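Heads up: the structure comes next, in structure tokens.
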Amino acid sequence: MSSATGLAELGKRLHARLSAGDDPIVTHEITEAFLPLLLQSLRRQFSNLSDDDLLINGATDALLNYFDQPANFVPDRGSLTSWLNVCARNNLLDALKQQKNRSDHEKAVELADLEAVYQTEAEAEISLIERNDDDLTWQRLRAVTSDPLDLKLLWLMMEGVRDTQVFAEVLGIASAPIEVQRATVKQHKDRLKKMIQRHYKRER
């Protein structure tokens with residue numbers, strides 16, 4: 001069993017205990033297991049950010065919000081790690097926007113590439129990757145789809161993630177043969193790129 005698969009299974013078990021509502025130590029166990037991973041992910045994504053308190057707040061708020069409303073996480077749609085990572089990242093982006101101390105590469109810019117009529121699917125993916133830290137991108141993508149699973153996949157594409165197994169974990173197929181993973185991931189990525197193309201063609 002891979003470490004990613006093991007972590008996904010741990011998340012499912014802990015989520016079941018939290019959802020039961022009668023476990024006095026499960027929140028501590030979740031924090032102990034996932035807070036270091038959330039901080040590591042945020043520090044990697046925001047390596048130019050010097051204020052470590054903002055990183056810690058973004059990660060801890062993701063956990064606290066999850067503890068308050070565990071039903072917002074749907075295990076069948078992805079791993080707890082991936083879901084918490086998205087929540088923590090959004091928390092941090094919101095905090096940076098409020099404080100108006102975001103670095104140049106994190107400031108919202110016009111999405112000229114996304115709004116153009118893409119000539120190829122490859123161009124669509126490149127444009128997503130080039131806007132990986134743009135909060136406005138998230139706003140525009142939410143106009144394309146409100147599906148949480150699709151947003152998780154788009155986030156990975158924006159981050160420039162190429163590893164099939166990372167996408168497979170979000171899709172809940174990490175235990176499938178690698179050939180099945182590759183085919184399924186490709187289908188989802190192609191579908192999302194076409195969805196973006198259609199959306200911006202309509203807008204134009």
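Brief remarks on what is shown
- Residue within region 152-171 that is polar (S, T, N, Q), free of Cβ contacts under 8 Å to residues at least 12 places away in the same chain and either farther than 12 Å from W83 by Cα or open to solvent by less than 30 Å² (accessible area, probe 1.4 Å) (or both) present: no
- Condition check for L92: open to solvent by less than 20 Å² (accessible area, probe 1.4 Å), touching a residue at least 12 places away in the same chain (Cβ under 8 Å), touching a Lys or Arg at 6+ places or on another chain (Cβ under 8 Å) and not acidic (D, E): no
- Residue in region 133-148 that is at pLDDT 80 or above, closer than 30 Å to K12 by Cα and open to solvent by less than 80 Å² (accessible area, probe 1.4 Å) present: yes
- If only residues of region 52-76 that are outside any helix (DSSP H, G or I) and open to solvent by 40 Å² or more (accessible area, probe 1.4 Å) are counted, the one that is farthest from K12 (Cα to Cα) is Q69.
- Only residues that are of a type outside the set (G, A, S) and within 18 Å of R77 (Cα to Cα) were counted across region 18-49, and they come to 1.
- Positions within region 1-51 being part of a loop (DSSP other than H, G, I, E, B) and modelled with pLDDT of 90 or more, in sequence order: I25
- Residue within region 5-22 that is β-branched (V, I, T) and in contact (Cβ under 8 Å) with a residue 60 or more places away in the chain present: yes
- Members of region 172-185 that are open to solvent by 30 Å² or more (accessible area, probe 1.4 Å), without any contact (Cβ under 8 Å) to a residue 60 or more places away in the chain and within 18 Å of the chain's Cα centre (by Cα): I173
The values are calculated or read from the model by the stated rules, or taken from the named source; none is laboratory data. These numbers come from a predicted model, not from an experiment. Quick reminder, even Gly has a Cβ in these numbers, built from the backbone with ideal geometry, and neighbours come from all protein chains shown. Side chains are part of the model used for accessible areas, which takes the heavy atoms of the whole protein and leaves out ligands, DNA and RNA. Shrake-Rupley method; radii C 1.70, N 1.55, O 1.52, S 1.80 Å.
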